[in-house]
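These notes are about the structure you will find just below.
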Amino acid sequence: MMRGQPNFDQIARPYRWLEYLTLGRALERCRLHYLPSLLKRKQALVLGDGDGRFLAQLLAQNPRLHADAIDTSATMLQLLRQRCEALVPKTHTRLTTHQADALTYPLAPPYDLIVTHFFLDCLTQPDLETLVNRIAPTLSPGALWLVSDFQIPTGPMRLPAKILVRALYLAFRILTGLRTTQLPDHATPLKQAGLTRIAQRQRLSGLLITELWQRNPDPQ
Ligand SMILES: C[S@@+](CC[C@H](N)C(=O)[O-])C[C@H]1O[C@@H](n2cnc3c(N)ncnc32)[C@H](O)[C@@H]1O
């Protein structure tokens, strides 16, 4: 086991159904919302994609893309690979999977796409900052970082969102041993690392967001 990591093996198979049961198709819609903007990408780093529902679609719709997928869960990676192989011919030539901690695994740049769907919210603020500072220098000019996450919105949904997020963290603590207890802020470290948010879509009154960030051009 790596670095006191949570273990998602036990919930890997029911994960999809647990998700549909709690939030319907809302997470799926977030993951796929910016897929049409990713069709020119060539080299992706996909962190904690879980059972691979997003990555299979990305590889299927962008036949020129190669991807490295990193996840600590062997079962999640197995499901991811099966799902990609079922949908995409010659997956083995385009997909590499690594059972590893995204915070320490040696990266193989340059990447023009990073994907973190509902993954950064598994990290503490210091770990998230470490991750962003490791990855940002590996990005090619104009590279995109696709982030989906929970957030606590302002307005009448604030209290229900706080209660739901707290309940989700408690459930993940019981089921996987996840130690994180509050949503980290990804926007500040991404900005500090030289990325700009170029698009954002919210769902469920702001409880869910999906965002596209782009690496700023190098100064002349
Ligand atoms: C909450 S699930 C999200 C799965 C999927 N991306 C989604 O959109 O639902 C988090 C995933 O990240 C993986 N994970 C958690 N911490 C990790 C780490 N430090 N390094 C790599 N993978 C990690 C888990 O095994 C799991 O597959």
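The values are calculated or read from the model by the stated rules, or taken from the named source; none is laboratory data. Quick caveat, the model's predicted, so the values are computed rather than measured. Using ideal geometry, Cβ is built from the backbone for each residue, glycine included, and neighbour counts are taken over all protein chains shown. When the accessible area is computed, the model is the full protein with side chains, heavy atoms only, and any ligands, DNA or RNA have been set aside. Shrake-Rupley method; radii C 1.70, N 1.55, O 1.52, S 1.80 Å.
In a strand (DSSP E or B) and surrounded by 19 or more Cβ atoms within 10 Å (Cβ to Cβ) - does that describe any residue in the stretch 172-183?
Filtering the stretch 172-183 for residues in a strand (DSSP E or B) gives none.
For the stretch 172-183, residues in a strand (DSSP E or B) and surrounded by 19 or more Cβ atoms within 10 Å (Cβ to Cβ): absent.
Identify all residues within the stretch 118-133 that are open to solvent by 10 Å² or more (accessible area, probe 1.4 Å) and either part of a loop (DSSP other than H, G, I, E, B) or more than 12 Å from the ligand (Cβ to nearest atom) (or both); write none if there are none.
Phe118, Phe119, Leu123, Thr124, Gln125, Pro126, Glu129, Asn133, listed by residue number.
Condition first: in contact with a helix residue (DSSP H, G or I) (Cβ under 8 Å, 6 or more places away or on another chain) and either among the polar types (S, T, N, Q) or away from the ligand (no atom under 15 Å from the Cβ) (or both). Now tell me which residues in the stretch 42-58 satisfy that.
Once the filter is applied, which keeps residues that are in contact with a helix residue (DSSP H, G or I) (Cβ under 8 Å, 6 or more places away or on another chain) and either among the polar types (S, T, N, Q) or away from the ligand (no atom under 15 Å from the Cβ) (or both), the stretch 42-58 yields only Gln57.
I'd like the full set of residues that are of a type outside the set (D, E, K, R), touching a helix residue (DSSP H, G or I) at 6+ places or on another chain (Cβ under 8 Å) and within 12 Å of the ligand (Cβ to nearest atom), limited to the stretch 59-73.
Once the filter is applied, which keeps residues that are of a type outside the set (D, E, K, R), touching a helix residue (DSSP H, G or I) at 6+ places or on another chain (Cβ under 8 Å) and within 12 Å of the ligand (Cβ to nearest atom), the stretch 59-73 yields Ala69, Ser73.
Here is a yes/no grid of residues against (1) in a helix (DSSP H, G or I); (2) β-branched (Val, Ile, Thr); (3) without any contact (Cβ under 8 Å) to a residue 40 or more places away in the chain; (4) within 14 Å of the ligand (Cβ to nearest atom):
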| site | (1), (2), (3), (4) |
| --- | --- |
| Glu85 | yes, no, yes, no |
| Pro89 | no, no, yes, no |
| His92 | yes, no, yes, no |
| Thr97 | no, yes, yes, yes |
| Thr104 | no, yes, no, yes |
| Ala108 | no, no, no, no |
| Asp112 | no, no, no, no |
| Thr116 | no, yes, no, yes |
